[in-house]
Structures are given as C-alpha cells and as structure tokens.
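Visitor: Below you'll find the structure I mean.
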Amino acid sequence: MSASRLADSPTRPYPAAVPARTEEMTVPPFRAHFKEVEIAICELLAEAERGVLATLRGDGSPSASFMSFAADGLTVYCPTAVHARKCQDLQRDPRVAYTLARLPGQGASGRLELRMVQMSGRAVLVDDPDEVDYALAVCARQFRWLASGSKRAGFERDAREGRVVFFKVHPVQALWNDNRDSAAWRVLVNFSPDGQVTGVMPYGPRPA
C-alpha cells in the first residue's frame, strides 16, 4: 500500500447551490448527480478531525465515544488505545455509526454554513504493518496536534508497538446534511461494498 494514495482525495470546488426551498416543497431540493454529494462528503471528512463514534456493547446497548477520525476518501481510520472498551466492542461487532460536522463559528447566524454527515458502516481492525504505516500517514496529514515532532514520534511508536490500534470504517449508508444548499437540506447516500457511492435519495420518514 503506497502513501501516494494520499493525493487521490477529491479537491474540486464544491458545485453551485441548488435553489432555495419554497413553502410548497415537502422534501429538500434533490441533486440528481450523486458525484457532487460524494465530493462534498469527502471534503468534510478531510476537514473534520473530531467526532462521535457509536459502537455496540456485548449486551447490545449503544455506546458513544468522542474521538479522532482521519479520512482516506470515503473511508476513515479511527485510532484508539488497545485497552479501550470501544476496541473490544469493535472486535466483537463491526457495526458502527459516526457523526462528523463542520459547525459555523457565528452560531445561529452562520447556520446556513453547517455541513454534517451521519454515517453507518463496518469497522475492520488494521493488522497489516504496511497499512498501519499508511494509516499513520493519513493521520499526520489531518491531525493538527501531530504537527509537533515529539507528539508524532510518540504516536507512531505507540502504534507500531501495539498500544494504539487503528480501525478502518467502510461506509454503508449516510445521511448528508448541507445547509449551503438550503436550511436542513438532507439526502440519504448509499454505498457499494467497495465504498463507492451508488445512489442518493431524498431524506424522509421511514416507510410504515
């Protein structure tokens, strides 16, 4: 696995916003070309650093953890201490969900800049040494706190000696919220087994 993959993430400008909703609309404006949504999600995953990961305990109850995420396209790497409870949860049951958001700094007045993804996926423990090195490179690109040479050296040492492990989360389905299109613009995004976007649907209540 080559670190040259780091340059593969989309960098094209975000497409023009669709028209704002009218009072007669019951669902958000719908973007027919799912590639635009895919690019927007990749951009957010590459910008955000901290979010919430939900796992399942042994008794089936949910558990939420605030943690770091490093994006490789639509896949994310989640580093965690090997003794953490979420590490045990993920090895027992790979079903996960996470939320990442870019929140406006102006509070309510900046709400039309909100972007958020709520992703369900499947987590896989990274146990190949080459992929551990690749995950470290992805983290170094995204995590601002790794800019310090001493912190980066300690993080890399902990990962290579097994005190920190990585889980790679493959996307299954996402709720994408982009207020730059209009307030509460939301769509459901489906992914193929290899992590590619296969379709985008308007968001609405689940069928009865």
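Visitor: Are any residues in region 117-172 within 23 Å of Arg102 (Cβ to Cβ), assigned to a strand (DSSP E or B) and either at pLDDT below 95 or out of contact with any Lys or Arg (no Cβ under 9 Å at 6 or more places or on another chain) (or both), and if so, which ones?
Guide: Across region 117-172, the qualifying residues are Val117, Gln118, Met119, Lys168.
Visitor: Is there a residue in region 112-123 that is within 14 Å of the chain's Cα centre (by Cα), of a type in the set (D, E, K, R) and closer than 18 Å to Ile41 by Cβ?
Guide: The answer is yes, given that some residue of region 112-123 is within 14 Å of the chain's Cα centre (by Cα), of a type in the set (D, E, K, R) and closer than 18 Å to Ile41 by Cβ.
Visitor: Quick one: Leu112 ticks every box in (1) over 23 Å from Pro171 (Cβ atoms); (2) touching a residue at least 40 places away in the same chain (Cβ under 8 Å); (3) not in a helix (DSSP H, G or I) except a single one, so which number is it?
Guide: The one condition Leu112 does not meet is (3).
Visitor: Looking only at region 35-55, which residues are assigned to a strand (DSSP E or B) and surrounded by 16 or more Cβ atoms within 10 Å (Cβ to Cβ)? Steps first, please.
Guide: Taking region 35-55 and keeping what is assigned to a strand (DSSP E or B), we get 50-55.
Once the filter is applied, which keeps residues that are assigned to a strand (DSSP E or B) and surrounded by 16 or more Cβ atoms within 10 Å (Cβ to Cβ), region 35-55 yields Gly51, Leu53, Ala54, Thr55.
Visitor: Let me ask something additional. Considering only residues that are under 18 Å from Val52 (Cα atoms) and in contact with an Asp or Glu (Cβ under 8 Å, 6 or more places away or on another chain), look in region 118-143 and name the one that is surrounded by the fewest Cβ atoms within 10 Å (Cβ to Cβ).
Guide: Out of the qualifying residues, it is Phe143.
The values are calculated or read from the model by the stated rules, or taken from the named source; none is laboratory data. Everything numeric in this text was worked out from a predicted model, so none of it was measured. Note that we place each Cβ from the backbone using ideal geometry, even for glycine, and neighbour counts take in every protein chain shown.
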